[in-house]
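The structure appears below as C-alpha cells.
The values are calculated or read from the model by the stated rules, or taken from the named source; none is laboratory data. Every value quoted in this text rests on a predicted model; they were computed, and no experiment measured them. Here the Cβ positions follow ideal geometry from the backbone for every residue, glycine too, while neighbour counts run over all protein chains shown. Only protein heavy atoms, including side chains, enter the accessible area calculation; ligands, DNA and RNA are left aside. Shrake-Rupley method; radii C 1.70, N 1.55, O 1.52, S 1.80 Å.
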Amino acid sequence: MNSERGAFPIPRRRMLQAAALAPLVMTPGLARAFDEPDLQDMTGNAQPIGPEERKARIARAQRLMQANGIGAVLIEPGSSLIYFTGVRWGRSERLTCVVIPVEGEPCIVTPFFEEPSVRESLAVPAEVRVWQEDEDPLKVVAGFLKDRKLGNRPVGIEETNRYFIVDGLQKALPTARIVSANPVVRGCRMIKTAPELALMQLASDVTVAAYRWTHSRIEAGMTPRDIAALMSAATARLGGTNAWNLILLGEAAAYPHGSGKPQKVVPGEVVLMDCGCSVQGYQSDISRSFVFGEANAQQRKVWNQVARGQQVAIEAAQLGRSAGSVDDAVRRYYVSEGYGPDYKLPGLSHRTGHGIGMDGHEPVNLVRGEKTPLAPGMCFSNEPGIYIPGSFGIRLEDCFHMTESGPKWFSTPPKSIDKPFD
C-alpha cells in the first residue's frame, strides 16, 4: 500500500518514518543480524529495459495519439519521462521535458547548460532543443510543434505535469488545444510487457526473501525503526534498491498509515509490515500481518477474514470486468461478516488495491466506481485490510497481473497467521 513517491508532497506514512529517525537502538538480535553474511544478490541477471522496448513504447504512444486525435504529448521529469526516453531528471523551475509528436522522433527540451547531462540517460533517438536562462522554454516547445506542423493540433499533457507548463504553453501557442494525455500515457503504461513483468516479479521475489530473513530476527522490545533497519539491510543485500518500509505495532496497525506514537514489539500483539523495493526501476509492494508470540481468537478470526478477502478479490478480477467490481466484491463479503458497510470502521476504510509498476501507485485503482475494464498486462495490489480502531488491524497485500487466462500472483498469499512467510 505504498504511497506516491516523486515530485509530490511527502505522504503521512513517509512523515511518520522520517519522524522515527531517532538513534537506532542496537538490540542484541539486531546487532547479530547485521553480522550475518547469508544474503546473496538475486538481481544479477535482471535485464534492464532496452532501447528497442522504448522505441516500441513511443510507437505505441503514437498509435494511441492517432486514435485519439492528439497531435503531441508533453511530459516533464518523472517516471513517464523515464518510461518513454530513459531520461532521469529531477523537476525544478527550469523546464526539461519531452514532446512526443504523432509522427517522427520526439524532442527533448532542456536548459542549454543541462544538455550534456540530460543526454547521458537519453535512450532513444530524439532531437534536443535547448533554451537559455533569459528565454521562455515553452516558446521552444511551441517552436517545435510549429515546425512539425502541429501548432493547431491538440496537445496532450501528462497528468502529473505542473500548471506553469500548461499556462506557459497556452500563452506561447494560443492555437493549440490542451487536452489530457491519459489516453496515451495511461494507455501505454497500464499494460506491462514481458520485460516489465519480469522486473516486477524479481522485485517481489527480493521483498519476499527479505521478509523471510527479517521475520525470524524480530525480538520483543524492538521498535518499528529496528525492524525497518533489518528489512532494508536484507533488501539491499538481496539486490533491491530504494527499499521502503512501514512497520506498525499493536494498536498502530489499526490505522492504515500508522501512528506517530511510540511503539515496540510486545508478545501477543500484531506486527504489520508493509514493504517494497525497486529492481531496475520497477516496484514491489507486499504486506504481512502476524502476531509476535501466540495469536488470540479474535486476531485469528480477523486474519482469516482478510485472507479470504484477498481470495474474493482475485476471484473477482476477471478479464473484461471493471476494476471497481473487484472492490465491490470484497465489500459485499465484508458486510456479510459484519463489517462496514462501505468504508466505515471496523472494516475496510481504503480501496482494495492500486495499480503498480514503475511507481508504487499507478492508475487505475481497484476502487468503487472505477469502470476501466481489466485487460492483460494490468498490474494491481490486492490488500483488503480490516481495521479495528483502538485494537488492531490486519493487512495482507500481494500484487498480481492480468494474463490472457486471468490474474496471476507476483507473490503467493500466506495461508496461516502462524506461518506468514511460508
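Data table
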read-out: Computed FRET value (nearest 0.05) for ALA194 with GLU120, which takes r as the C-beta separation and R₀ as 25 Å; value: 0.35
read-out: Pair THR403, LYS171: separation of 7 Å Cα→Cβ label points (nm); value: 5.3 nm
read-out: The chain - percent of accessible surface contributed by carbon and sulfur, probe 1.4 Å; value: 54 percent
read-out: Extended-chain gain in nm, criterion 0.36 nm per residue less alpha-carbon gap, ALA59 and ASP134; value: 23.5 nm
read-out: Lysines with Cα under 25 Å of LYS139, excluding same-chain neighbours fewer than 8 positions away; value: LYS149, LYS171
read-out: Rounded to 10°, Cα long-axis angle of helix 51-68 versus longest principal axis of the chain; value: 70 degrees
read-out: Label-point separation in nm, GLU93 to PHE112, each point 7 Å along Cα→Cβ; value: 2.0 nm
read-out: Helix 194-215 vs. the chain, principal-axis angle (Cα, 0 to 90°, nearest 10); value: 30 degrees
read-out: Per-peptide average of other Cβ atoms within 10 Å, ordering 242-252, 304-314 highest first; value: 242-252, 304-314
read-out: Debye-sum result for the chain in log10 I(q)/I(0), which assumes one identical scatterer on each alpha carbon, at q = 0.07, 0.14 Å⁻¹; value: -0.37, -1.22
read-out: Rg followed by Dmax, in Å, when the range 216-300 is reduced to its Cα trace; value: 13.3, 42
read-out: Length gained when the stretch ASN296-ALA67 is fully extended (0.36 nm per residue, less Cα-Cα span); value: 76.7 nm
read-out: By average C-beta atoms within 10 angstrom, highest first, the peptides 50-56, 103-109; value: 103-109, 50-56
read-out: GLU105 paired with ASN45, simple spin-label distance in nm, labels 7 Å along Cα-to-beta-carbon; value: 3.6 nm
read-out: Fully extended contour minus Cα-Cα distance, from LYS264 to ARG308, at 0.36 nm per residue; value: 13.0 nm
read-out: Summed residue charge, Cβ within 11 Å of LEU138's Cβ, Lys/Arg positive, Asp/Glu negative; value: -1
read-out: Qualifying lysines (Cα of each under 20 Å from Cα of LYS419; at least 8 residues distant if same chain); value: LYS301
read-out: The chain: calculated mean residue ellipticity at 222 nm from DSSP helix runs of at least 4, using -39500 (n - 2.57); value: -11000 deg cm²/dmol
read-out: Using alpha-carbon coordinates, inclination of helix 297-316 to the longest axis of the chain, degrees; value: 30 degrees
read-out: Relative packing of peptides 278-284, 360-366 - highest average C-beta neighbours within 10 Å first; value: 278-284, 360-366
